[in-house]
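Every number in this text was worked out from the coordinates using simple rules, so none of it is lab data. These figures come from a predicted structure and were not determined experimentally. Because the Cβ atoms are built from the backbone with ideal geometry, glycine has one as well, and the counts that use them run over all protein chains shown.
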Amino acid sequence: MAKVLIIDDEPAIRRAMRSILENEGYVIADAPSAVEALPLLNKEVYDAIFCDIKMPQMDGIEFLEKARALTDTPVIIISGHGTIDIAVEAIKRGAYDFIEKPMDLNRMLITLRNALDKNQLVNETKLLRNAVSKHYEMVGDSPAMNGLYDMIERVAPTNARVLITGENGTGKELVARQLHELSPRKGNAFIEVNCAAIPSELIESQLFGHEKGAFTSAVKQKKGDFELADNGTLFLDEIGDMSLAAQAKVLRALQENKITRVGGEEEIKVDVRVIAATNKNLQDEIAKGNFREDLYHRISMIIMKVPPLRERLDDIPLLINSFVVKSANEMGKPIPTFTESAIEELKKQPWTGNIRELQNVVGRLVILCGPTISAEDVKKYL
């Protein structure tokens, strides 16, 4: 049941609003002043707040500013002295809406319902983002990983372009996700492009979009990933597999912060932070003529190397703990226990497939073994 706080220095207004909203099924609290209302925000979580604008000691605009620092609850400003300037000022300061006195009953209830819907959507979005963040959580406490964490924390708040290098399966995407989540762009899009998975003839349309009729199957206009990532982050995974033609266009986009759709003439401004990743040695690719040297220098202001699993064997117990819970939950199986000898046996493996291979092995052991996984089980099912 939604909780609503009413703040007004007129007792008759508070009584009338309480009566109406309680009849609608809301739980109501009230306060005769903004000064008395502020401590309530530290004690209780409200789903919406109605606040008068003209009150002694502290007016509604000042309360609004202080409330923003304490809660994300939508605040609806009410006033018997309503003007367009006051309404605009309230909205600019973060109010959800502005209602004039005497309040229209239907307007009040509709505004409240809309504010509650928005609040629910915001809360659901936060939960979803937390779930996504946990899905891309980095695990490890080895010196190699701690060094990587330190670099991520230093670089993430900046707009520096980052080149992430490392073998397949080491978790380069997780590094890119962390750079985005710890940056000022985290509230905007994170767009991932697997350059190795997109045919060379389609990569330009994927990145820059196309106009209707630009080619046979272009039946409508399409925005590219650069546009979709505007004000956010564009992750170019396996950039070493990108065609030279696409490389030239990416270089221009990075130089000018502008793109042109395939088949179009209009230049479109974009503000995108580009993070690239590769499992190739790009210096070797430059020597072979497969990668542009000028693009390499554009994307490699910061280079981060993700260590292979064989260089961080001490992280294997932590990784197992993470993967075993995830695998058991996904498979609907009880969470098994790994013996010390089983963990030691896993540490002996070469792990050419790195973290991805270990995750697959743990999932296999969860499915095929009993409640306790031994070294013999590991040898049997590797």
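What the table below lists for this structure:
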item	result
Distance violations [Cα-Cα > 32 Å] among LYS172/LYS348; LYS3/LYS101; LYS326/LYS347; LYS280/LYS326; LYS172/LYS288	none
Hull-based mean projected area of the chain, where the convex hull spans the alpha carbons, in square nanometres	26.6 nm²
Where labels lie 7 Å past Cα in the beta-carbon direction, separation of GLU201 and GLU344 in nm	5.8 nm
Ellipticity estimate at 222 nm from DSSP helix runs (n ≥ 4, -39,500 (n - 2.57)) divided over the chain, nearest 500	-14500 deg cm²/dmol
Peptides ranked, highest mean first, by Cβ atoms within 10 Å: ranges 2-10, 369-377	2-10, 369-377
Net charge contributed by nearby residues that have their C-beta within less than 10 Å of GLY94 (K/R +1, D/E -1)	+1
Those chymotrypsin sites (Phe, Trp or Tyr not before Pro) in the range 1-58 that DSSP places in a loop and that have at most 10 other beta carbons within 10 Å	none
For the range 1-122, convex hull volume per residue from C-alpha positions, Å³	95 Å³
Per DSSP, loop GluC sites (Glu not before Pro) in the range 228-331 with at most 12 further Cβ within 10 Å	GLU265, GLU266, GLU267
The range 195-256: chymotrypsin sites (Phe, Trp or Tyr not before Pro) falling in loop per DSSP and having at most 13 other Cβ within 10 Å	PHE215
Under 18 Å from LYS92, Cα to Cα: lysines that are on another chain or at least 8 residues apart	LYS54, LYS66, LYS118
Helix 143-155 axis, angle to the chain major axis (alpha carbon atoms, nearest 10°)	50 degrees
Charge sum, other residues only, whose C-beta stays under 13 Å from ALA29's C-beta, Lys/Arg counted +1 and Asp/Glu -1	-2
Enclosed volume per residue, in Å³, of the convex hull spanned by Cα atoms of the range 179-251	95 Å³
Computed over the chain: relative contact order in percent, which uses C-alpha pairs under 8 Å that are six or more apart	13 percent
Length-normalised contact order of the range 1-109 in % [C-alpha pairs under 8 Å, at least 6 apart]	23 percent
The range 321-355 and the range 181-219: distance between their alpha carbon centers, rounded to Å	36 Å
Whole-Å semi-axes of the ellipsoid equivalent to the range 136-307 (Cα gyration tensor, √5λ, descending)	28, 18, 14
Ranked list, fewest to most other Cβ atoms within 10 Å of each Cβ, for THR111, THR352	THR352, THR111
Net charge of Cβ neighbours under 12 Å - reference ALA16; Lys, Arg +1; Asp, Glu -1	0
Cubic angstrom per residue, convex hull over Cα atoms of the range 310-381	73 Å³
